[in-house]
1. With a 1.4 Å probe and all protein chains kept in place, how much accessible area does Met182 have, in Å² rounded to the nearest 10?
2. Probe of 1.4 angstrom, ligands and nucleic acids ignored: what's the accessible area per residue over region 52-112, in square angstrom?
3. For the full complex of protein chains and a 1.4 angstrom probe, list Val134, Val102, Val143 by accessible area with the highest value first.
4. Using label points projected 7 Å from each Cα along Cα→Cβ, tell me how many nm separate Met156 and Val135, to one decimal.
5. Could you give the spread of the C-alpha atoms of region 23-156 along their three principal axes, from largest to smallest, in whole angstroms?
6. Can you pull the one-decimal nm distance between simple spin-label points at Arg221 and Asn53, each 7 Å off the Cα toward Cβ?
7. In straight Cα distance, which aspartates and glutamates are under 14 Å from Lys44, not counting same-chain residues fewer than 8 positions off?
8. For the residue pair Leu100 and Glu37, what label-to-label distance in nm results when each label sits 7 Å from Cα along the Cα-to-beta-carbon direction?
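The values are calculated or read from the model by the stated rules, or taken from the named source; none is laboratory data. A quick note: this is a predicted structure, and the numbers were derived from the prediction, not measured. Here the Cβ positions follow ideal geometry from the backbone for every residue, glycine too, while neighbour counts run over all protein chains shown. Quick note on the areas: whole protein, heavy atoms, side chains included, nothing else; ligands and nucleic acids left out. Shrake-Rupley method; radii C 1.70, N 1.55, O 1.52, S 1.80 Å.
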Amino acid sequence: MKDYLIKNILTFVLVIVSFSCLGQNADTLSVSQQVDEAVESMLKNGQACLMNNEWSMARKHFSEALEKSPGNLTALFFRAFADEQLGKFNFARADYEQILKVVPTHFETRLCLLLLNQRDSHLTEAFDQANQLVVLYPDSASVYFARAGVEKEMEMYELAEGDYLKALDIDKNNNDYLLALMETRLHMAKFDLAYADLEALIKRGLARASLQNYFDMCSKRIVPKKQKRE
């Protein structure tokens, strides 16, 4: 699986989880602000649009919620996510940063901002944010996985390998982590280790056919080319 697909899936899962958390912990993430039924309805409508990939409509609902409830952190979070899907990276970044001014350690917002900066080729900023996340959340596998993705893109393969291994130490059965580790080892010409990772993935239930290209690269000792961004 390509890094950007893993990143998008991870981000979307966090959005859905965060929506639930925001609703249950309004005192933490909304600074005790009381939202009326109209705003609540707008937030739910916006979430439904996100689930259907209707990014423009989702943005409209969250912007309307912000008109009625300025500074609503739930609406800011989801509008930022919608803007990111629309390619409006600067708008998304501004909303994420506004949230962090109120809740500096909010995990999902920090991680989404990191991934946004990586997607927008702001790799130095993404790397700095990843380092901060590791300090704040040293027991989070997804944080090490996210930092490894930035390191890999910056061609700091030894650091990336180390972080993928740390992620796997915390979440040993995560196939995405192991697959990313294997790809990194191919870039490092560690073909025997990459081959062992592939065999481990097959033992975990992945089809050999889906990994055949990687097996061929190992057997032929081919280092993958750095992929250009779309």
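1. 0 Å²
2. On a per-residue basis, 43 Å².
3. Most to least solvent-accessible, the answer reads Val102, Val134, Val143.
4. 1.4 nm
5. 49, 29, 21
6. Distance between the two pseudo-spin positions: 4.2 nm.
7. Qualifying aspartates and glutamates at Cα under 14 Å: Asp36, Glu54, Glu64.
8. Those two pseudo-labels are separated by 3.8 nm.
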